[in-house]
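Below: one structure, written as structure tokens.
The values are calculated or read from the model by the stated rules, or taken from the named source; none is laboratory data. As the structure is a computational prediction, the values presented were derived from the model and not from experiment. Cβ atoms come from the backbone with ideal geometry, glycine included; neighbour counts cover every protein chain shown. Protein only, heavy atoms only, side chains kept; ligands, DNA and RNA dropped before computing areas. Shrake-Rupley method; radii C 1.70, N 1.55, O 1.52, S 1.80 Å.
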Amino acid sequence: MKSTRVETKPYKNSEQLKSKARETTILGHHAKKYRLITPSESANLELIRDFIGKLAYRAGFNGDHVSKIQLAADEACTNVVHHAYEDIPAGPIDVEIVVNRDKFQITVSDKGVGFDPEKFAQPDMVEYLSKFKKGGLGIHLIHTLMDEVTFKIEPLRKNSVKMIKYVHKPESADKLRQQEIILRETKKRR
Amino acid sequence: MDQNQFEVTRQDHDDVSVLAIKGFLDAHTAPEFEFAIQELLQNNRYKMVVDFQELNYISSAGLGVFMGFIEEVRKNGGDIKLAQMNEKVFKIFDLLGFPNLYEIYKSRNEAIQKFRTT
């Protein structure tokens, strides 16, 4: 009689389960993940903007916020196209998007030479404009357009910038509450 | 238009050249716009109006084109004046303080006329 042997790999399975659980914890139960990998060429910027724009609209952002998210992603990808693969063979631009109920997260990664993000975080705009400087505004724009920005630089392995936009920014809620209080106060005075 | 949708067309009004830009100005299309400005400089035409009426999008690579030429243009007695910018594009200019450096007009004619009075 032929016997069938079923191999079980409890250790691996439990690791997989743990990993799945970790992923659920990190992403949240309602998170949806999307990914677009393109060659590092400026011709793909439009494609990346369109991809991100459609997902951002679907996530519930208005036109103004969608434009900001698209521009931030464009700036991150332009940096990859212009600087990541200088003097080394060009690799990919990896764009990963995680959409949660409350936030929209874009991570742009490359395998390039890396850079020091602190250098470009906050240029002195008065000096910048008075000296007619050119370029180097991408990272400053990303910081201005998005709610949270984190860089992780591992040259030739994985350099990434994670950008988050909240669907309902806490500050906006505060502003609304303040407006309500002002309205109430005004009514009382009447 | 190619897939990245950018077009620049030139129209001369005596010594003032109007560059009408259309579509999306990003790192991919900026060289085309740069080329159009370089062509004007080669012909010693330093009075320029950039008409933004049909421009839908600009990134820092597009803003860089203006920064790259403004010094040379002004040294030669000219200027790059901007006209008919939509709200979305103006917001990006404004975010970086660019309206302090460039004159922005509601209409193309207003921008052209400004060269006549100064």
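Go through (1) touching a helix residue (DSSP H, G or I) at 6+ places or on another chain (Cβ under 6 Å); (2) open to solvent by less than 40 Å² (accessible area, probe 1.4 Å) for A:F151 and report which single condition fails.
(2)
Go through region B:78-87 and report how many residues are in a loop (DSSP other than H, G, I, E, B) and either farther than 22 Å from B:Q38 by Cβ or among the polar types (S, T, N, Q) (or both).
Residues flagged as in a loop (DSSP other than H, G, I, E, B) and either farther than 22 Å from B:Q38 by Cβ or among the polar types (S, T, N, Q) (or both) within region B:78-87 amount to 3.
How many residues are touching a residue at least 40 places away in the same chain (Cβ under 8 Å) and surrounded by fewer than 18 Cβ atoms within 10 Å (Cβ to Cβ) if we restrict to region A:101-145?
Residues flagged as touching a residue at least 40 places away in the same chain (Cβ under 8 Å) and surrounded by fewer than 18 Cβ atoms within 10 Å (Cβ to Cβ) within region A:101-145 amount to 4.
Take the residues of region B:8-30 that are more than 14 Å from every other protein chain (Cβ to nearest Cβ) and buried (at least 16 other Cβ atoms within 10 Å of the Cβ): which is farthest from A:V81 (Cα to Cα)?
Taking region B:8-30 and keeping what is more than 14 Å from every other protein chain (Cβ to nearest Cβ), we get B:8-22.
When the remaining residues are screened for being buried (at least 16 other Cβ atoms within 10 Å of the Cβ), the result is B:8, B:16-22.
On the way: B:V8: 23, B:V16: 35, B:S17: 32, B:V18: 31, B:L19: 27, B:A20: 27, B:I21: 24, B:K22: 23 Å.
Checking each candidate, the answer is B:V16.
Hey, among B:F33, B:F52, B:F90, B:F115, which residue is open to solvent by 70 Å² or more (accessible area, probe 1.4 Å), more than 10 Å from chain A (Cβ to nearest Cβ) and not in a loop (DSSP other than H, G, I, E, B)?
Values: B:F33 fails: open to solvent by 70 Å² or more (accessible area, probe 1.4 Å); B:F52 fails: open to solvent by 70 Å² or more (accessible area, probe 1.4 Å); B:F115 fails: open to solvent by 70 Å² or more (accessible area, probe 1.4 Å).
Checking each option against the conditions leaves just B:F90.
Residue by residue, here is whether (1) modelled with pLDDT under 95; (2) of a type in the set (S, T, N, Q); (3) at negative phi holds:
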site	(1), (2), (3)
B:L19	no, no, yes
B:G23	no, no, no
B:E32	no, no, yes
B:L41	no, no, yes
B:Y46	no, no, yes
B:A83	no, no, yes
B:F98	yes, no, yes
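Report, by residue number, each residue of region B:64-85 that is more than 10 Å from chain A (Cβ to nearest Cβ) and either open to solvent by 50 Å² or more (accessible area, probe 1.4 Å) or of a type in the set (S, T, N, Q) (or both).
Listed by number, the residues that qualify are B:K75, B:N76, B:G77, B:Q84.
Under 6 Å by Cβ, and 6 or more places apart or on different chains, what pairs join a residue from region A:52-72 that is over 14 Å from A:M163 (Cα atoms) with one that is assigned to a helix (DSSP H, G or I) and open to solvent by less than 20 Å² (accessible area, probe 1.4 Å)?
These pairs meet every condition: A:G53/A:V66; A:Y57/A:V66.
For region A:75-95, indicate whether the set of residues that are at pLDDT 95 or above, among the charged types (D, E, K, R) and open to solvent by less than 80 Å² (accessible area, probe 1.4 Å) is non-empty.
Taking every residue of region A:75-95 in turn, at least one turns out to be at pLDDT 95 or above, among the charged types (D, E, K, R) and open to solvent by less than 80 Å² (accessible area, probe 1.4 Å).
For the condition in contact with a Lys or Arg (Cβ under 9 Å, 6 or more places away or on another chain), assigned to a strand (DSSP E or B) and more than 23 Å from A:S67 (Cβ to Cβ), what is the one hit in A:K165, A:K152?
Details: A:K165 fails: more than 23 Å from A:S67 (Cβ to Cβ).
Exactly one of A:K165, A:K152 is in contact with a Lys or Arg (Cβ under 9 Å, 6 or more places away or on another chain), assigned to a strand (DSSP E or B) and more than 23 Å from A:S67 (Cβ to Cβ), namely A:K152.
Working only within region A:37-81, note down all residues that are more than 10 Å from chain B (Cβ to nearest Cβ), outside any helix (DSSP H, G or I) and of a type outside the set (S, T, N, Q).
Across region A:37-81, the qualifying residues are A:I37, A:P39, A:A59, A:G60, A:F61.
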